[in-house]
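A short write-up of the structure that comes next.
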Amino acid sequence: PEVKKFVAWDYVVFAALFLVCASIGVFFAVKERKKKTSKEFLVGGKQMTCGPIAFSLTTSFMSAVTVLGTPSEVYRYGASFVLFFLSYALVIIFTAELFLPVFYRSGITSTYEYLELRFNKIVRLAATLIYILQTILYTGIVVYAPSLALNQVTGFDLWGSVVATGIVCTFYCTLGGLKAVVWTDAFQMIVMVVGFMTVLIRGTTLNGGSIKVWEDAYEGSRLNIFDFDVDPLRRHTFWTIVIGGTFTWLGLYGVNQSTIQRCISCKSEKHAKLALYLNLLGLWTVLVCAVFCGLVMYSHYKSCDPWTADFISAPDQLMPYFVMDIFSSMPGVPGLFVACAFSGTLSTVAASINALATVTFEDLVKKGFPNLSETMSTWISKGLCILYGILCTSMAAAASLLGGVVQASLSIHGMCGGPMLGLFTLGIVFPCANWKGAIGGLLAGIALAFWAGTGSFIYPAPPTKSIPLQLSTLNCTLANSTEALTTAAPMVAPDRSLLADTWYSLSYLYFSAVGCLVCAIAGLLISFVTVLIKPVCNLFCFWSERLKTFLWCGVKHDSQEVDFEKNLPKVIANKTGTDDTFKNNINKGNKCQFAGYNPEENSYTN
């Protein structure tokens with residue numbers, strides 16, 4: 001189990017990554033120093049092209065969680081993870097054709113502005129706060145997990161890498177804004193693919209070529225990809241990955257501020273859609289690289305599993321251990337892989353910081369201080385980048401309690417992203433939904449998704465549902481014993497309740513689907529109840545017009561739509577010297593006569 005630690009050349013290669021990223025931030029800070037508007041800082045002046053945006057999207061969501069977690073998943077559970085190939089395709093099609101056109105044509109900066117336009121400011125505020133919580137939690141995992149894995153295998157300092165990641169990301173986000181984030185992501189995408197390909201080529205060569213790797217994977221049952229079992233409690237099947245994975249990633253892509261912010265920074269809607277479809281090619285490339293790395297790793301350790309043999313303490317350390325093993329005679333190459341892992345981390349953290357700053361500024365700061373100057377707005381945006389950089393780095397300390405990086409990250413996105421997806425779906429797909437249905441549905445979706453997610457964390461699913469494949473230590477000397485062994489299923493407490501073996505054992509990929517569907521269904525039911533409540537209220541509250549109106553929940557059932565264009569000439573006929581400004585003011589003044597308009601909240605309820 002003796003594996004070499006980092007040497008000087010590894011640190012040089014790794015430091016070069018951080019230096020290039022920081023330099024890009026400085027470059028855009030100098031280049032764009034005369035453009036001081038908050039719009040330029042937060043969305044790049046809406047002049048970006050599809051190429052760098054596509055690279056940026058791929059790198060941000062293929063973080064170190066993918067670099068370290070996916071090969072480990074394939075090594076332990078098999079190559080069924082490759083079915084995300086289908087999930088990604090469905091997600092990109094829905095995002096590009098359903099959600100993106102609505103956001104792009106609305107001319108908004110924050111996706112949650114749409115919720116105020118569609119519902120009201122209460123819905124917008126609730127969604128904003130949930131997004132902030134979700135993103136800070138996820139970013140903590142993205143920062144901490146790779147740092148811990150690399151620390152325990154390579155000897156790379158844990159808190160040194162955590163703090164360095166936070167400082168560098170905050171630095172180039174604050175200086176260069178969205179343009180720095182996008183172009184840095186494009187560079188990091190190249191580093192990530194080069195790192196993966198280096199590991200694949202070296203690992204395949206050492207293990208007898210690609211045919212031998214494929215044969216070992218087949219003999220070890222790692223190629224049993226298509227499992228059509230419909231049991232929703234099974235961790236990974238065809239249905240959980242394709243259906244559950246689509247809901248989970250649609251919450252990430254379709255309505256996530258980090259994604260939409262970069263799409264709407266494109267110079268046209270056509271460029272934004274093209275960026276998404278090009279990004280799909282990037283997602284497929286990284287996914288295939290990660291899956292094949294897992295198969296190569298299994299071929300290498302098929303008769304001496306380092307995890308079972310206690311050479312490492314967690315499955316997420318398998319990939320860095322493998323890299324240090326096969327490149328022990330090649331100084332500097334392990335540093336390239338660490339740069340590959342941290343490229344994903346840097347891109348995700350930077351995108352999160354930029355998106356959090358945008359959402360906070362647009363949805364909270366501008367609401368409280370609507371008359372800020374452009375210079376002050378830009379400085380506040382930069383201050384928010386620094387604040388969220390510190391918060392996300394600090395949150396890394398709490399991430400050690402959340403288990404495996406892939407499952408933990410997708411669980412958080414499922415529990416928060418699913419209800420948010422349901423909320424936006426209510427607004428875009430169902431015109432009959434009102435703001436009370438939106439709030440009620442969001443709360444119901446969040447409650448149910450968090451109930452399932454928290455329960456699964458406390459009561460992990462029994463091994464019969466997760467079914468890790470067999471791993472052997474036949475040909476290695478164990479750390480504490482000379483006896484060979486094979487993996488055994490972990491012991492399960494006998495006093496598990498029925499709820500623990502059913503609801504809490506639901507596949508983590510279904511958390512998003514549960515949250516989305518519950519939010520949409522509950523939202524529609526509440527909307528119908530608040531709209532159809534009029535006959536009951538009129539029957540029991542006939543003596544009080546004020547009470548009837550109050551119990552109608554803000555829906556103005558007795559309002560009549562007014563054709564202003566037909567009635568306006570009669571009004572203007574009584575005025576002299578009327579111009580277009582007066583006509584517009586008439587229209588604004590009579591807004592409240594449309595059905596469902598709430599003048600106090602300046603929004604429509606249905």
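The values are calculated or read from the model by the stated rules, or taken from the named source; none is laboratory data. Predicted model only: the values in this text are computed from it and were never measured. Cβ sites come from the backbone with ideal geometry, for glycine too, and all protein chains shown count toward neighbours. Ligands, DNA and RNA are stripped out before the accessible areas are found, and what is left, the full protein with its side chains, is counted by its heavy atoms. Shrake-Rupley method; radii C 1.70, N 1.55, O 1.52, S 1.80 Å.
One table, with the values for the structure above:
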{"read-out": "Selection from the stretch 224-246 of residues that are over 18 Å from Leu287 (Cα atoms) and either hydrophobic (A, V, I, L, M, F, W, C) or open to solvent by less than 30 Å² (accessible area, probe 1.4 Å) (or both)", "value": "Phe228, Val230, Leu233, Arg235, Trp239"}
{"read-out": "Residue match in the stretch 16-31 (condition: polar (S, T, N, Q), in contact with a helix residue (DSSP H, G or I) (Cβ under 8 Å, 6 or more places away or on another chain) and modelled with pLDDT of 80 or more)", "value": "no"}
{"read-out": "Lone qualifier among Phe361, Phe311, Phe369 - being at pLDDT 80 or above, within 30 Å of Lys5 (Cα to Cα) and either surrounded by 24 or more Cβ atoms within 10 Å (Cβ to Cβ) or aromatic (Phe, Trp, Tyr) (or both)", "value": "Phe311"}
{"read-out": "Sole residue being open to solvent by 40 Å² or more (accessible area, probe 1.4 Å) and under 19 Å from the mean Cα position of the chain (by Cα), chosen from Leu117, Leu68, Leu98, Leu125", "value": "Leu98"}
{"read-out": "Residues (in contact with a Gly (Cβ under 9 Å, 6 or more places away or on another chain), part of a helix (DSSP H, G or I) and either buried (at least 24 other Cβ atoms within 10 Å of the Cβ) or charged (D, E, K, R) (or both)) located in the stretch 253-286", "value": "Ile260, Arg262, Ala275"}
{"read-out": "Of all residues making up the stretch 287-303, the number that are over 24 Å from the mean Cα position of the chain (by Cα) and open to solvent by less than 30 Å² (accessible area, probe 1.4 Å)", "value": "6"}
{"read-out": "Residue list for the stretch 251-284, restricted to those being within 22 Å of Tyr131 (Cα to Cα) and of a type in the set (Asp, Glu)", "value": "none"}
{"read-out": "Index of the failed condition, Leu469 passing every other in (1) in contact with a helix residue (DSSP H, G or I) (Cβ under 8 Å, 6 or more places away or on another chain); (2) in a helix (DSSP H, G or I)", "value": "(2)"}
{"read-out": "Any chance Thr240 is at negative phi, in contact with a Lys or Arg (Cβ under 7 Å, 6 or more places away or on another chain) and at pLDDT 90 or above", "value": "yes"}
{"read-out": "Within the stretch 59-137, helices (runs of 4 or more DSSP H) holding 2 or more residues that are farther than 30 Å from Leu443 by Cα", "value": "70-77, 84-94"}
{"read-out": "Residue that is in a helix (DSSP H, G or I), over 23 Å from His300 (Cβ atoms), at pLDDT 80 or above and among the polar types (S, T, N, Q), where the choices are Thr464, Thr454", "value": "Thr454"}
{"read-out": "Residue in the stretch 197-223 that is nearest to the chain's Cα centre (by Cα), counting only those that are open to solvent by 20 Å² or more (accessible area, probe 1.4 Å) and of a type in the set (A, V, I, L, M, F, W, C)", "value": "Met197"}
{"read-out": "The lone exception for Ala461 - which of (1) within 17 Å of Ile412 (Cβ to Cβ); (2) touching a residue at least 60 places away in the same chain (Cβ under 8 Å) it fails", "value": "(1)"}
{"read-out": "Matching residues, the stretch 318-351, being farther than 19 Å from Asp157 by Cβ and open to solvent by 10 Å² or more (accessible area, probe 1.4 Å)", "value": "Asp325, Ser328, Ser329, Met330, Val333"}
